[in-house]
Amino acid sequence: VQVQTSRGDEVLKNIPIIHWLKIDVEGNEEAVIIGFEELLKVKRILNVWCEVRGPQSDRNANSYLKVCVLMQQHGYTCYRIREGKAEVFDFSQEQSIPQYFDLLFKAK
């Protein structure tokens with residue numbers, strides 16, 4: 001099925017500050033992040049909560065790596081929530097990666 005799509009930064013261009021953006025797109029996280037790049041570059045999105053995929057996922061395995069790199073390039077710090085607490089997520093060192101999980105990116 002074909003659907004019409006729009007870039008997120010175009011759809012939200014008239015909103016001065018976006019406090020929270022939730023992304024849950026079943027493995028298509030990188031494309032969605034790219035669609036918001038113009039707003040991310042200038043920190044008009046303060047927090048991004050994103051469900052990402054780990055190595056065991058049947059949909060775009062390890063999507064978390066591309067998402068973390070993109071968000072880091074735009075000056076966001078990555079956090080993983082464990083036991084109700086946000087911890088900085090060093091994606092290059094992490095070894096215990098579930099099939100899918102949530103990350104929080106905060107503008108620096």
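The values are calculated or read from the model by the stated rules, or taken from the named source; none is laboratory data. Computed from a prediction, not measured in an experiment: that's the story for all the values here. So basically every Cβ, Gly included, is an ideal-geometry build from the backbone, and we count neighbours across all protein chains shown. Just the protein is used for accessible areas: all its heavy atoms, side chains included, with ligands, DNA and RNA removed. Shrake-Rupley method; radii C 1.70, N 1.55, O 1.52, S 1.80 Å.
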When (1) open to solvent by less than 70 Å² (accessible area, probe 1.4 Å); (2) modelled with pLDDT under 95; (3) closer than 14 Å to Ala31 by Cα; (4) not aliphatic (A, V, I, L, M) are applied to Pro98, the one that fails is (3)
Filtering segment 47-65 down to residues that are in contact with a Leu (Cβ under 9 Å, 6 or more places away or on another chain) and of a type in the set (A, V, I, L, M), which residue is nearest to Ser6 (Cα to Cα)?
Val48
Residues located in segment 50-78, provided they are open to solvent by 20 Å² or more (accessible area, probe 1.4 Å), over 17 Å from Asn28 (Cα atoms) and part of a strand (DSSP E or B)
Thr77
Total residues in segment 79-108, condition part of a loop (DSSP other than H, G, I, E, B) and among the acidic types (Asp, Glu)
3
Take segment 1-35 and flag every residue that is in contact with a Leu (Cβ under 9 Å, 6 or more places away or on another chain), in a loop (DSSP other than H, G, I, E, B) and surrounded by 10 or more Cβ atoms within 10 Å (Cβ to Cβ).
Leu12, Lys13, Ile15
Could you give every pair whose Cβ atoms fall below 6 Å, whose first residue belongs to segment 72-84 and is touching a residue at least 12 places away in the same chain (Cβ under 8 Å), and whose second residue is part of a loop (DSSP other than H, G, I, E, B) and open to solvent by 30 Å² or more (accessible area, probe 1.4 Å), counting only separations of at least 6 or pairs across chains?
Gly75/Lys108; Thr77/Lys108
Only one of Ile17, Ile45, Ile23, Ile33 is touching a strand residue (DSSP E or B) at 6+ places or on another chain (Cβ under 9 Å), at pLDDT 95 or above and farther than 19 Å from Lys108 by Cα. Can you tell me which?
Ile23
Identify all residues within segment 53-72 that are out of contact with any strand residue (DSSP E or B) (no Cβ under 6 Å at 6 or more places or on another chain) and under 19 Å from Trp20 (Cα atoms); write none if there are none.
Leu70, Gln72
